[in-house]
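Written out below as C-alpha cells is the structure these notes cover.
The values are calculated or read from the model by the stated rules, or taken from the named source; none is laboratory data. Given the structure is predicted, the values throughout are model-derived calculations rather than measurements. Cβ sites come from the backbone with ideal geometry, for glycine too, and all protein chains shown count toward neighbours.
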Amino acid sequence: MILAETGVSVFSSLFSNFWVVLLLKTIAVMGFFLVVPLGVGYVEHKGLAHMQARLGPMEAGRFHGWAQLVADGVKFIQKEDVVPAAADRNVFSLAPAVAMIPYIAILVVLPISDSWFAENLDVGIFFVLAMSSVSVIGVMMAGWSSANKFSLIGALRAAAQLIAYELPLVIAAAAVVMQAGTLSMIGIVEAQQDLWFIIPQLPGFLIFMIAAFAELQRPPFDMPIADSEIIFGAYTEYTGLKFAFFLLAEYGGIVAFSGIAAVLYLGGYQPLPGIPIPGPLMMMGKIGALAFFFIWLRATYPRLREDQLQRFSWLGLIPLSLALIMGVAVAKVAF
C-alpha cells in the first residue's frame, strides 16, 4: 500500500512539473501539426482527382490509391537539395521554417474542447491573428534570397496581397470579439452556447473566409505563385524537403484558419442543439468541413488578375468589413 501511494505521488508530481507538462504539450501540438495537415493534403489529392476526373491519384495503392501521400513523401526525400549559386544560403535555408512555425504557434492556443488545449491566452485571438501575419516573412525571405527575379516578383505580390487582405480579416474578427466581449479563444466559444455567431455575422464569416483564401495564396487568389507568369513565385528555386516544408506550411495554414473560423463563427467545440456529440469530434468535424471548402474552391474558380485581386479587397471587402464593425458596435450599444 505504501509503495502504491508512493508511486501515485511520484506520478502526480512528475506530471505537475513545468518542464514535463511543457514537453507533453509540445509533443501533442507537433503531432497534431504533422498528422492533420497531411490528412488535408491527402483529401486534396483525392478530392481534386474526383472533381477534375484525374485517375492518377487513384492508382498509388491497392485500395483507392491510399499510398499517394507516401509516394509524394518518398519523392520529396529523394530529390536533390539544390541551392542557387547566387543565393543567400542561410536565408534561403531558413525561409521554409519561418513560413511554417507561425501555424504551429496558432495550434498552441486553438481549443479542441473546453479542456483540450495547450494554452488559454487572455488575448488568444490577437495572438493567432498576429501569428498568421508572420508567415509572409518566410515567403519574402524565400523570394529575396533566391536571386531570381521571378521569385522576387512572387514575394512582392504575396506581401501586397497580405497588406490588402489582412485588414478585412482582422476587422471581421474584431466584430466577433466585440459581440463576445472577450479576446480569449475559449471565451469566444463559450459566448456561443445559445447562438453561433455565423447567424448574426454571416457577412463577417464570408469576409473572413475570402481573406483567409488570399492569406494562404489559395486559388482563386494564387497570384504570387501564378505558374503561367512567374513559374512558381517565391518557391521557384526550392527542391526536395525545403519545397515540401512550404507545402506543409500551406496545409497547416488551412487547418489553422479553418480552426480560427470554427472558433469565431461556428461555435468551436459547441455541439448542435439536441445532438450530444463530444466536443473534440465536433471541433474536428468543423475544421474538416472548412478545410474541404478550401479544396473545393481550388477546383471551381479560375485565378484572378492582380488588379482584380487588389480592387476586390480595397474597394469591396474593406468598406464592407468597416460597415460590419460599425453595425455590430451600434447593436452592442443599443441592445
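Miscellaneous remarks
- Each residue in the stretch 18-52 was checked for being surrounded by fewer than 12 Cβ atoms within 10 Å (Cβ to Cβ) and modelled with pLDDT under 80, and 3 of them qualify.
- All of A99, A105, A95, A87 fail the test of being part of a helix (DSSP H, G or I) and touching an Asp or Glu at 6+ places or on another chain (Cβ under 9 Å), apart from A99.
- Residue in the stretch 72-112 that is surrounded by the most Cβ atoms within 10 Å (Cβ to Cβ), counting only those that are farther than 30 Å from Y265 by Cα and aromatic (F, W, Y): F92
- Meets criteria (among the polar types (S, T, N, Q) and at pLDDT 90 or above) for S228: no
- Pick from the stretch 211-234, criterion in contact with a Gly (Cβ under 9 Å, 6 or more places away or on another chain) and among the aliphatic types (A, V, I, L, M), ranking: nearest to M283 (Cα to Cα): A212
- Yes/no for S258 being hydroxyl-bearing (S, T, Y), farther than 26 Å from G47 by Cβ and surrounded by 22 or more Cβ atoms within 10 Å (Cβ to Cβ): no
- In the stretch 43-71, the residues that are under 25 Å from the mean Cα position of the chain (by Cα) and free of Cβ contacts under 8 Å to residues at least 24 places away in the same chain: K46, A49, H50, P57, W66, A67, V70, A71
- Identity of the residue in the stretch 113-135, free of Cβ contacts under 8 Å to residues at least 60 places away in the same chain and touching a Leu at 6+ places or on another chain (Cβ under 6 Å), that ends up surrounded by the fewest Cβ atoms within 10 Å (Cβ to Cβ): F126
- Filtered residues of the stretch 151-174 (kept if touching a residue at least 60 places away in the same chain (Cβ under 8 Å) and surrounded by fewer than 18 Cβ atoms within 10 Å (Cβ to Cβ)): A160, L167
- Scanning the stretch 137-150 for residues that are surrounded by fewer than 24 Cβ atoms within 10 Å (Cβ to Cβ), assigned to a helix (DSSP H, G or I) and touching a residue at least 60 places away in the same chain (Cβ under 8 Å) yields M140, F150.
- Helices (runs of 4 or more DSSP H) completely within the stretch 243-335 that count 3 or more residues being in contact with a Phe, Trp or Tyr (Cβ under 8 Å, 6 or more places away or on another chain): 279-298
- The stretch 90-140: number of residues that are at pLDDT below 85 and within 11 Å of the chain's Cα centre (by Cα): 1
- Against the list (1) touching a residue at least 24 places away in the same chain (Cβ under 8 Å); (2) within 14 Å of the chain's Cα centre (by Cα); (3) assigned to a helix (DSSP H, G or I); (4) within 23 Å of G279 (Cβ to Cβ), the condition G39 fails is (1).
- Flag if Q161 is within 18 Å of the chain's Cα centre (by Cα) and of a type outside the set (A, V, I, L, M, F, W, C): yes
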